[in-house]
Amino acid sequence: MSRTTFFEVEVLDGRTRQQLCFLDKVEPHATIGEIKSLFHKSYQQLYPARQDLKLDPKGKSLRDDDVLQNLPVGTTATIYFKDLGPQVGWTMVFLAEYLGPLFIYLLFYFRAPYIYSHQDVFTSSPYSVVTLACACHTCHYIKRLIEAIFVHRFSHGTMPLRTIVRNCVYYWAFSAWLAFYINHPLYTPPSYGDMQVNYALAIFVLCELGNFSIHVALNNLKAEGGPKCRRFPHPTKNPFTWLFFFVSCPNYTYEVGAWASFSVMTQCLPVALFTFLAFIQMTIWAKGKHKTYSREFKDYPHLRMPIIPLLL
């Protein structure tokens with residue numbers, strides 16, 4: 001009868017190299033997630049979601065499902081710890097990030113007191129494009145909330161609190177800035193009138209539908225394969241997903257398209273700036289995802305680009 005060889009796990013501070021915890025007689029089949037739970041017993045304030053464990057202080061973070069005996073360590077393993085800071089669940093993350101812009105914009109649309117001059121309080125704009133812009137902005141963030149609660153699946157259950165604060169400042173500030181100008185009493189409609197507004201509105205609606213379709217397709221892919229199954233997305237019968245033939249992240253393509261059309265529809269410089277900055281960030285994310293797909297899957301389609309078909 002074979003004898004079980006237990007592991008000893010030493011947890012050091014990744015910055016100071018000071019020993020934080022020594023775990024004796026750890027089962028060889030123990031996962032990193034279980035080691036985080038054992039570490040949590042010694043440091044109650046450092047719950048598992050706050051812990052980042054690595055084999056090297058400058059190396060790659062270990063996944064919760066990594067098994068101890070499968071790691072390149074001996075029976076005495078040294079693991080380095082980093083505190084990720086207070087964490088918040090994803091539902092609260094998106095409620096904070098998206099409810100803010102939703103209500104902030106409506107304050108400007110209804111011209112709440114102390115925003116514009118006294119005589120403009122609770123008045124409405126004579127231009128229909130202002131109402132359309134409010135409807136588009138509201139529907140966009142309602143869609144995001146619905147996706148966050150019912151559609152998205154996340155590889156990590158939480159987000160650092162400091163990241164949420166930064167994201168909220170970004171979304172809330174831009175929402176207030178663009179809403180201030182679009183709903184301003186001196187706002188003038190686009191140069192080409194209804195034709196410009198209607199064409200841009202049509203593109204906006206199509207891009208929103210496309211973005212939602214891609215998120216549903218990605219959710220279905222994860223649901224079918226399970227959390228440990230790695231597959232790259234393919235087009236489905238839904239025509240909006242056919243953009244997968246040309247780009248790795250069509251959800252970002254549609255997102256940029258929606259905001260670009262919103263910029264054209266409102267002819268508002270702050271919206272255009274928000275779109276430009278969003279495009280830069282989403283391009284970075286798309287390139288990272290595209291690189292991961294290309295490296296992980298040998299049969300990944302060569303025709304696909306990260307975000308813009310045939311270009312970028």
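The values are calculated or read from the model by the stated rules, or taken from the named source; none is laboratory data. Nothing here was measured: the structure is a model prediction, and the numbers come from that model. Note that each Cβ is placed from the backbone with ideal geometry, even for glycine, and that neighbours are counted across all protein chains shown. Side chains included, ligands, DNA and RNA excluded: accessible areas come from the protein's heavy atoms. Shrake-Rupley method; radii C 1.70, N 1.55, O 1.52, S 1.80 Å.
So for the stretch 109-132 (the condition being within 26 Å of the chain's Cα centre (by Cα) and open to solvent by 40 Å² or more (accessible area, probe 1.4 Å)), does at least one residue qualify? Walk me through it before giving the result.
Of the stretch 109-132, the ones within 26 Å of the chain's Cα centre (by Cα) are none.
The answer is no, given that none of the residues of the stretch 109-132 is within 26 Å of the chain's Cα centre (by Cα) and open to solvent by 40 Å² or more (accessible area, probe 1.4 Å).
Can you tell me which condition His290 does not meet? The list is (1) under 15 Å from Pro309 (Cβ atoms); (2) in contact with a His (Cβ under 9 Å, 6 or more places away or on another chain); (3) not aliphatic (A, V, I, L, M), and all the others hold.
Checking His290 against (1) under 15 Å from Pro309 (Cβ atoms); (2) in contact with a His (Cβ under 9 Å, 6 or more places away or on another chain); (3) not aliphatic (A, V, I, L, M), the one that fails is (2).
Restricting to the stretch 236-267, name every residue that is open to solvent by 10 Å² or more (accessible area, probe 1.4 Å) and either over 21 Å from the mean Cα position of the chain (by Cα) or modelled with pLDDT under 95 (or both).
Thr236, Lys237, Asn238, Pro239, Trp242, Phe245, Phe246, Ser263, Val264, Gln267
Tell me yes or no: at least one residue of the stretch 51-63 is open to solvent by 40 Å² or more (accessible area, probe 1.4 Å) and touching a residue at least 40 places away in the same chain (Cβ under 8 Å).
no
Scan the stretch 157-187 for residues that are open to solvent by 90 Å² or more (accessible area, probe 1.4 Å) and in contact (Cβ under 8 Å) with a residue 40 or more places away in the chain and jot them down.
Arg162, Trp172, Trp177, Tyr181
I'm trying to understand the selection: among the residues of the stretch 220-235, which are open to solvent by less than 30 Å² (accessible area, probe 1.4 Å) and either within 24 Å of Leu310 (Cα to Cα) or touching a residue at least 60 places away in the same chain (Cβ under 8 Å) (or both)?
In the first step, residues of the stretch 220-235 are kept if they are open to solvent by less than 30 Å² (accessible area, probe 1.4 Å); the result is 225-226, 232-233.
Result: Phe232, Pro233.
Confirm whether Tyr98 is of a type in the set (Ser, Thr, Tyr) and either open to solvent by less than 80 Å² (accessible area, probe 1.4 Å) or within 30 Å of Ile149 (Cα to Cα) (or both).
Yes.
Among (1) open to solvent by 80 Å² or more (accessible area, probe 1.4 Å); (2) without any contact (Cβ under 8 Å) to a residue 40 or more places away in the chain; (3) among the basic types (Lys, Arg), where does Lys36 come up short?
(1)
Condition first: part of a helix (DSSP H, G or I) and within 21 Å of the chain's Cα centre (by Cα). Can you find one or more residues in the stretch 48-60 that meet it?
Initial filter on the stretch 48-60 (part of a helix (DSSP H, G or I)): 48-50.
With the extra rule that they be within 21 Å of the chain's Cα centre (by Cα), the set shrinks to 49-50.
Scanning the stretch 48-60 turns up at least one residue that is part of a helix (DSSP H, G or I) and within 21 Å of the chain's Cα centre (by Cα).
Could you list all residues from the stretch 268-312 that are more than 21 Å from the chain's Cα centre (by Cα), in a helix (DSSP H, G or I) and loosely packed, with under 13 Cβ neighbours inside 10 Å?
Leu269, Arg295, Glu296
Can you work out which of the residues in the stretch 1-26 that are under 19 Å from Asn70 (Cβ atoms), at pLDDT 90 or above and surrounded by fewer than 17 Cβ atoms within 10 Å (Cβ to Cβ) is nearest to the chain's Cα centre (by Cα)? Full working, then the answer.
Our first condition is that a residue be under 19 Å from Asn70 (Cβ atoms); within the stretch 1-26, this holds for 2, 4-11, 23, 25-26.
Retained after the next criterion (residues that are at pLDDT 90 or above): 7-11, 23, 26.
Now restrict to residues that are surrounded by fewer than 17 Cβ atoms within 10 Å (Cβ to Cβ): 8, 10.
Values: Glu8: 37, Glu10: 34 Å.
This residue is Glu10.
State which residue pairs qualify: first residue at positive phi and without any contact (Cβ under 8 Å) to a residue 24 or more places away in the chain and inside the stretch 116-143, second residue open to solvent by less than 50 Å² (accessible area, probe 1.4 Å) and not in a helix (DSSP H, G or I) in any location, beta carbons under 9 Å apart, and separation of 6 or more residues or different chains.
Matching pairs, first to second residue: Phe122/Arg111; Phe122/Ala112.
In this structure, is Val88 over 21 Å from Glu8 (Cα atoms), in contact (Cβ under 8 Å) with a residue 24 or more places away in the chain, of a type in the set (A, V, I, L, M, F, W, C) and open to solvent by less than 20 Å² (accessible area, probe 1.4 Å)?
No.
Could you tell me how many of the residues in the stretch 133-156 are of a type in the set (S, T, N, Q) and open to solvent by less than 60 Å² (accessible area, probe 1.4 Å)?
The first filter runs over the stretch 133-156 and keeps only residues of a type in the set (S, T, N, Q), leaving 138, 155.
Next, only the ones that are open to solvent by less than 60 Å² (accessible area, probe 1.4 Å) stay: 138.
Result for the stretch 133-156: 1.
Looking at Asn198 and the list (1) open to solvent by 40 Å² or more (accessible area, probe 1.4 Å); (2) of a type outside the set (D, E, K, R); (3) closer than 21 Å to Leu273 by Cα, which single condition is not satisfied?
The one condition Asn198 does not meet is (3).
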